[in-house]
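Here, each number is a calculation from the coordinates, and none is a lab measurement. Small disclaimer: the values here were computed from a predicted structure and weren't measured. Backbone-built Cβ (ideal geometry, glycine too); neighbour counts: all protein chains shown.
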Amino acid sequence: MIFGIVNIILIGTTPLVFAAIGELVVEKSGVLNLGLEGMMLVGAVSAFVTLVLTDSYLAALIVSLISGLVMSGLFAFLVLYLMANQVATGLALTIFGIGISSMIGKKYVGTPIDGLSPYFLIIISFLVVIFIGYFFKKTKLGLIVKAVGESHHSAHSLGFNVIKIRFISILFGGAMSALAGFYFSICYAPMWQEGMIAGRGWIALALVVFATWKPERILLGAYIFGGVAIMQMNLQAFGVKFPGQFFNMMPYLVTILVLVIISGNKLRIKLSAPACLTLPFNKNQ
Amino acid sequence: MEKLIKLVPRGSSSQSMFILAPIFAIFLTLLTGSIIFFLMGYNPSNALKIFFISPISNAYGISELLVKATPLALIAMGLSFCFKNNIYNIGAEGQLTMGAIFGGGVGIYFYDISSVLILPGMIIAGALGGALWAMIPALLKTKFNTNEILTSLMLAYIALLILDYLVVGPWRDPDGFNFPKTRPFGESGRMPILFQGLRIHFGLIITLILIAFSWFIYSKTIFGFQLKVSGFSPKAARFAGFNKNFLIFSAFAISGAFAGLAGVGEVSGPIGLIYRDISPNYGFTAIIVCFLGRLHPLGIIFASLVIALTYLGAEDAQLFLQIPAAVGFVFQGLVLFFLLGSDLLVNFKLRLNN
């Protein structure tokens with residue numbers, strides 16, 4: 001029974017881990033991408049359609065990752081080169097992603113596929129988090145990404161290419177969101193349905209704040225959020241009458257609470273949120 | 001690209017580009033849209049006609065366009081108070097939902113009473129509900145310095161879950177066969193219809209009055225001037241001694257109240273009760289309307305009509321071409337991409353490098 005519950009939580013939570021760890025890297029570099037939901041949907045549909053057409057999991061994975069790179073590349077181009085507003089561009093990416101994924105997937109709703117076992121990707125999700133933790137703590141490149149997010153002008157003066165570093169961070173975030181989408185439509189569901197990510201992109205965004213931009217806490221947060229969601233479903237199955245909506249509110253409420261705790265104190269916000277988050281960078285200014 | 005074309009900053013931003021960029025963005029969206037239709041195997045000119053022209057080729061279509069443009073314009077006008085001041089309230093969807101809950105709550109409570117006071121009561125309650133919900137990010141921002149982008153967004157999802165709880169729980173229609181919806185409001189709880197047989201309702205008048213009111217605030221009052229200055233140059237605003245917290249609170253309150261009014265307009269106008277999907281993303285789409293309309297009253301009216309057309313066109317495309325209605329979102333996303341991209345031309349000139 002315990003094993004069963006742990007198993008369900010592991011399987012259900014992994015897409016959150018992928019999307020959140022990707023967004024964490026993006027935000028560490030000083031960029032806020034609100035397009036997670038859209039990128040996850042496009043990653044999910046492109047994986048699914050490719051699998052139906054080619055019958056190859058590898059091809060599905062590759063196409064899905066490419067879709068994530070294209071979506072996030074579009075975002076990166078707009079906010080980094082054309083200096084578009086990050087909040088508006090991210091929202092546009094989500095709205096666009098919801099639309100285009102529905103159009104692409106229209107013919108494939110209800111098409112049956114053989115799902116892939118989730119365990120391989122579950123292990124990968126842990127490894128990615130551990131790697132990103134190591135990356136920011138121990139590697140020079142990790143420190144550079146952090147520096148770009150904390151003070152882009154200083155990083156630029158030191159000779160680092162701010163735009164390039166942010167571009168690559170954004171692409172990594174896109175690939176991770178697409179991977180979350182791949183996992184969702186190929187391993188978890190396994191099927192395609194319009195809007196199937198159902199708000200998980202926003203929960204992943206909340207997770208990054210909950211984790212106060214620390215990689216290992218992404219796992220903690222994801223498993224708490226995921227665990228509560230699973231518990232709620234099980235309680236209802238046992239006939240416990242409690243409105244599930246209040247359980248589902250928890251990620252959002254907790255995120256606001258965490259924001260209040262870390263933002264009230266000047267030192268604490270300095271230790272947590274990247275200082276240049278959402279600020280555009282123009283080297284001529 | 002950087003090697004071929006050079007960006008030369010303009011001394012001051014170009015006024016003509018400021019107005020032309022949205023038009024340019026709409027044109028590029030139509031072009032990209034026809035390419036997408038072509039790639040999907042549809043005749044682009046036929047698809048565009050079904051999408052953008054036939055929905056508004058009769059009185060009913062025009063009325064439907066106004067039904068959809070009304071909440072969009074109202075929310076966008078409210079948001080402009082925040083965006084002008086560089087406050088990113090992106091939780092209008094939640095403020096709309098709270099407006100629908102507060103205003104609709106009055107309508108449900110008095111469902112069997114006939115009185116001319118019910119509708120005004122709903123409208124006031126709706127505006128209050130939206131404003132109260134918007135006060136939360138304002139309070140957290142001024143008191144705890146929290147990022148309003150994240151808090152207002154999170155609150156939007158909390159509001160949607162509260163609505164969900166109400167319509168499946170305590171407010172569920174006792175005669176509704178367990179459907180997740182409330183009982184219908186009484187006749188006194190409905191917005192008057194403007195033209196017999198069409199759905200366009202009194203909410204349009206409220207919207208137009210509030211847009212005129214906003215124009216007045218922006219162009220004739222010190223408060224409007226302070227909002228603009230503090231958005232344009234926070235430093236100047238500080239030196240001038242403007243009360244920053246007051247501006248934050250009032251911008252949130254106004255945008256929340258407008259979104260709340262839009263919510264109550266939806267439930268007491270075309271819908272007549274509360275259920276889960278009272279808003280097809282109006283609160284988020286209004287952000288596009290606000291940017292496309294350049295935060296300006298006239299621009300917002302124009303942009304709300306354009307974006308409302310993407311909703312209508314998507315419905316027709318689904319009906320006649322079997323394209324999912326979500327194609328409207330593709331157009332909405334594209335138009336914002338192109339607008340944000342072409343905004344570069346407002347502040348920079350492109351010059352070839354030789």
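See the values below:
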item: Dipole moment magnitude, nearest 20 debye, chain A about Cα centre, only Lys, Arg, Asp, Glu C-beta charged; result: 860 debye
item: Over 29 Å (Cα to Cα) - which of A:LYS283/B:LYS84; B:LYS49/B:LYS349; B:LYS143/B:LYS228 fall in this group; result: B:LYS49/B:LYS349
item: FRET efficiency, B:LYS235 to A:VAL70 (Cβ-Cβ, R0 35 Å, nearest 0.05); result: 0.30
item: Peptide A:225-235 - average C-beta neighbours from other chains (10 Å radius); result: 0
item: Mean Cβ neighbour count within 10 Å, used as a protection proxy, ranking B:243-251, A:4-12, B:283-291 highest first; result: B:283-291, B:243-251, A:4-12
item: Global geometry of the protein assembly as shown, whether rounded, prolate or oblate, following the gyration tensor of its Cα atoms and the 1.5 cut on a/c; result: rounded
item: Net charge dipole size for segment B:65-322 [Lys, Arg +1 and Asp, Glu -1 on Cβ; Debye, nearest 20]; result: 1040 debye
item: Segment B:265-334 and segment A:233-258: distance between their alpha carbon centers, rounded to Å; result: 31 Å
item: Whichever lysines have a C-alpha closer than 23 Å to that of B:LYS181, once near sequence neighbours (fewer than 8 apart) are set aside; result: A:LYS241, B:LYS68
item: Principal axis dimensions, largest first and in whole angstrom, of segment A:2-272 by Cα; result: 56, 43, 32
item: Choice from A:VAL25, A:VAL63, A:VAL254 with maximal GNM fluctuation in chain A (Cα, 10 Å cutoff); result: A:VAL254
item: Amide hydrogen neighbours beyond the local backbone of B:PHE348, cut-off 5 Å, H modeled; result: B:ARG10
item: Order of A:SER177, B:SER342 - criterion: other Cβ atoms within 10 Å of each residue's Cβ, fewest first; result: B:SER342, A:SER177
item: Compactness of chain B, expressed as Rg and Dmax over alpha-carbon positions, Å; result: 21.4, 77
item: Derived scalar couplings ³J(HN,Hα) [segment B:230-240; Karplus, 6.51 cos²θ - 1.76 cosθ + 1.60; whole Hz; x for Gly, Pro]; result: 5, x, 6, 8, x, 5, 4, 5, 5, 4, 6
item: Axial C-alpha extent at least 18 Å, average Kyte-Doolittle at least -1.0 - helices from chain A (DSSP); result: A:2-28, A:36-54, A:57-76, A:86-105, A:119-138, A:162-182, A:215-237, A:250-264
item: Whichever lysines have a C-alpha closer than 17 Å to that of A:LYS214, once near sequence neighbours (fewer than 8 apart) are set aside; result: A:LYS28, A:LYS137, A:LYS138, A:LYS146, A:LYS270
item: Which of A:TRP192, B:TRP171, B:TRP215, B:TRP133 has the fewest Cβ neighbours within 10 Å, and the rest in rising order; result: B:TRP215, B:TRP171, A:TRP192, B:TRP133
item: Cα gyration tensor shape of segment B:1-112, rounded if a/c is under 1.5, else prolate or oblate by comparing a/b with b/c; result: oblate
item: Amide H within-cut-off set for B:LYS6, under 5 Å, with H built and near neighbours excluded; result: B:ARG351, B:LEU352, B:ASN353
item: Net charge dipole size for the protein assembly as shown [Lys, Arg +1 and Asp, Glu -1 on Cβ; Debye, nearest 20]; result: 2260 debye
item: Order of A:MET71, B:MET17 under a 10 Å beta carbon neighbour criterion, fewest first; result: B:MET17, A:MET71
